[in-house]
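As structure tokens, the structure follows; a few thoughts come after it.
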Amino acid sequence: MYCRNCRKWFPNNISICDSCGMPLVEDLDIYGENFFYGDAQAFEYIYKESYNWVAGEVSKVLPAGSPEAEGCINTIYNVLYEKIKDYNPEQGSFTAWFAILIQDTIYNYGVVKEDSRDKGNIIKNGLVKVLATVIVVAIIGSGIFVGRRLNKQPQGDKKETTISKEDITQKSTQKQKDVKKTEKENNNNKKKDIKNEEKEKQKDTKVSVMDVIDQNKPFVEEILEMEAGYSFNWEDREDNFENIMLRSLNRLYGNEVEEGQTTNIWDVVPKENVKQCEYQEGGGKISVKESGFERMREFLGCTETITNLCANDYDTFSCVDGIVREDSAQPVGEETLRIDQIAYKTLSNGDVQAFYICNKGGEGVEEIDTAIITQADNTLGIQLKSCDIIALREIYDIHKIFGSIAALGKECKNDGALVNIEQISEKEKEAALIFSVYWQCVSKNDDVNAWEFGYYYPIFSKDDVIDVDDFTVTLPHDAFDDYLEFVDYNGTIDDMIDNNDFKYEYGCSISRSGDKLTFTYDEDYDVVCTLQPTEETGYNWDGFELEENGDLKVTCLLYDESEKSSGIGYTATIKFTDNAFGMQLESLEKES
């Protein structure tokens, strides 16, 4: 089985592509098309793949394995070889076309199943044709064709040759044995060729996807910016297209009615496609050619035309006579997510993964998103496969990054040395967790804005706190899942609870009641540093940088060791992963 979209082969028991969700195509259909386009080796595969099927059809009217049946089978493949150019891949599958050819050839051969005439006579007539065919083959075997005439090879004394029925049957049987022997000898080589072909296709895919992106970056990145804040999988592409259509119409409207070009939407839908635009307070009108969205529709994987989609009672916009119209368009505002940085990474299967940092109004990182772009059989050559949100500022994902860096930095005391995650011990990761939770006790009476202004960055969500007093903090059991993934901790929070020596090592005990955890600290819990605000805390939110290899560098000022310090600078390298948090700390470097 084969996926046209991903250009990947699958076992015959698979019917749906596990990468893109598209239905797979039968191997016979693929090789039939290849044979039509001139791949001579594909004929060998067709013969091997379809022989049992063809023989089964013939055996319905001729004895299986008989010379008559074998001759009919040979004729079918001869006709296929001669008439392959009559097949049209655009009008249907090769299997369907070949099925008709098989039945027609059997009929023309002189065998008609369940005919009203005498079946024995029919088979007899068919046998005459078999004999005639084999006789011709035998004669051709002793001479050569020049144009359409048969010239005999020079021979000695002229002798009369008599060909018996037994000779013909023997030749036919031997021919089948030779064919099967050749098939067996080529089978292993064919499998190797298919595997090598697939490897070459994957190699080409890696290059071609990135090449197409490079040639169309303004187009691709404007669509990714419209996707910011969305998560969707391939199965939801039709709904996703509706959302992006609405966003694109609003952007087109904004570019038309506001001073200056507010977005780069004209890189996706060229300006000349806008037919009419009318500004109105509270929502304006805009009309755009349907054809102007065609490249975007293909890139987003939408199989329906906009006209057909609008026929399904879309209430956001309409499409009549090839014109898309929206009557309540709004220009994009300052709260619209904008891509600040973007990096691309080619994956092992040839797809390209994009990582992009988005902000609102230039106020630092708001979220980090990712998208998968794959090769496609469309005009552009590529297609958006999925989008996802890795980290959101509003649910404290970014705070967790800062908090982890701060707490681990306090524990490691690396003094300017680069520390890889493998060099950070499990006990240091545990101690950092305990330290971070304790600062909830210290800061409980502080201004709530302390979270935003640098007093305190925890490793859990602000909304997770259930209860807190001077020496105890109660949090949900899953409050630390992201942190443990982020620092690659080899265990769970339950392992810490079950550790009888934990209280003696860290001056803190953890108890569990249902889905709640309570941390209880000794009154003399040792605080080795203080967390204080700095005048440069805004720098933290601007300190995100995507590397060319797709890694994320975060440079920040996080905590003070003394009141005189302006903050301790750290640079963390983070890689994007498939874990639940979507990120993992790779290394940590403290400013010397």
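Residue count for region 204-232 under the criterion of being among the polar types (S, T, N, Q) and touching a Gly at 6+ places or on another chain (Cβ under 8 Å): the result is 2.
Of the strands (runs of 3 or more DSSP E) contained entirely in region 345-400, those carrying at least 3 residues that are touching a Lys or Arg at 6+ places or on another chain (Cβ under 6 Å) and not assigned by the TED database to the domain that holds Glu545 fall at 365-375. Reported count of residues in region 303-321, each being assigned to a loop (DSSP other than H, G, I, E, B) and open to solvent by 30 Å² or more (accessible area, probe 1.4 Å), is 10.
Looking only at residues in region 273-290 that are open to solvent by less than 20 Å² (accessible area, probe 1.4 Å) and within 14 Å of Gln330 (Cβ to Cβ), the one that is modelled with the highest pLDDT is Ile286. Output the residues belonging to region 385-413 that are touching a strand residue (DSSP E or B) at 6+ places or on another chain (Cβ under 8 Å) and open to solvent by less than 20 Å² (accessible area, probe 1.4 Å). Scanning region 385-413 gives Cys387, Ala391, Asp397, Ile398, Ile401, Phe402, Ser404, Ile405, Ala406, Leu408, Gly409. Candidates are the residues of region 247-272 that are in contact with a strand residue (DSSP E or B) (Cβ under 8 Å, 6 or more places away or on another chain) and among the β-branched types (Val, Ile, Thr); the one that is modelled with the lowest pLDDT is Val257. Criterion applied to Ile223, Ile168, Ile244, Ile163 was being out of contact with any Phe, Trp or Tyr (no Cβ under 6 Å at 6 or more places or on another chain), of a type in the set (A, V, I, L, M), open to solvent by less than 30 Å² (accessible area, probe 1.4 Å) and modelled with pLDDT under 85, and the one residue passing it is Ile168. Residue count for region 464-506 under the criterion of being among the hydroxyl-bearing types (Ser, Thr, Tyr), assigned to a strand (DSSP E or B) and free of Cβ contacts under 8 Å to residues at least 40 places away in the same chain: the result is 0. Taking region 331-346 as the range and being polar (S, T, N, Q) and at pLDDT 90 or above as the test, the residues that pass are Gln341, Thr346.
The values are calculated or read from the model by the stated rules, or taken from the named source; none is laboratory data. Values in this document were obtained by computation on a predicted structure and should not be read as measured data. Cβ sites come from the backbone with ideal geometry, for glycine too, and all protein chains shown count toward neighbours. Areas reflect the complete protein model, heavy atoms only, side chains present, ligands, DNA and RNA absent. Shrake-Rupley method; radii C 1.70, N 1.55, O 1.52, S 1.80 Å.
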